[in-house]
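The values are calculated or read from the model by the stated rules, or taken from the named source; none is laboratory data. What you see is a predicted model, and the numbers here were worked out from it, not measured in a lab. In this analysis, Cβ positions are derived from the backbone assuming ideal geometry, glycine residues included, and neighbour counts consider all displayed protein chains.
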Amino acid sequence: MNEMPLLRRPQVAELLNVSIRTVDYLLAAGELPCIRIGRSVRVRRSAVEFFVEARETRHWERRRRRRS
C-alpha cells in the first residue's frame, strides 16, 4: 500500500481538468478503475496517470495513419 493517498472524485477532476460529472461517467463506464469503501469512491493516482498515458497521442502519428 505504498500508493497512498487515494484521490477523491473532485481531486481526480482537478488533475484531469474536467468536471466531477465527467469523472463519474468515466468511473461508471469502467474506463477509470476505482476503489469503493462503503459509499465512498477513491481512485489511485497511478490509475489516473495510466488513464492519461493510455490516451496520449501525437498529432503527427494521427495524421500519418489517416493517409495510409
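List of remarks:
- Residue satisfying all of: in the stretch 1-19; exposed (fewer than 13 other Cβ atoms within 10 Å of the Cβ) and of a type in the set (A, V, I, L, M); modelled with the highest pLDDT among these: 4
- Unmet criterion (only one of (1) surrounded by fewer than 13 Cβ atoms within 10 Å (Cβ to Cβ); (2) outside any helix (DSSP H, G or I); (3) under 13 Å from the mean Cα position of the chain (by Cα)) for residue 46: (2)
- Hits in the stretch 28-41 - residues which are in a strand (DSSP E or B) and buried (at least 17 other Cβ atoms within 10 Å of the Cβ): 41
- Residue tally, condition over 16 Å from residue 10 (Cβ atoms), at pLDDT 90 or above and among the β-branched types (Val, Ile, Thr), over the stretch 38-68: 1
- Enumeration of residues in the stretch 1-27 that are part of a loop (DSSP other than H, G, I, E, B), among the aliphatic types (A, V, I, L, M) and closer than 23 Å to residue 56 by Cβ: 18
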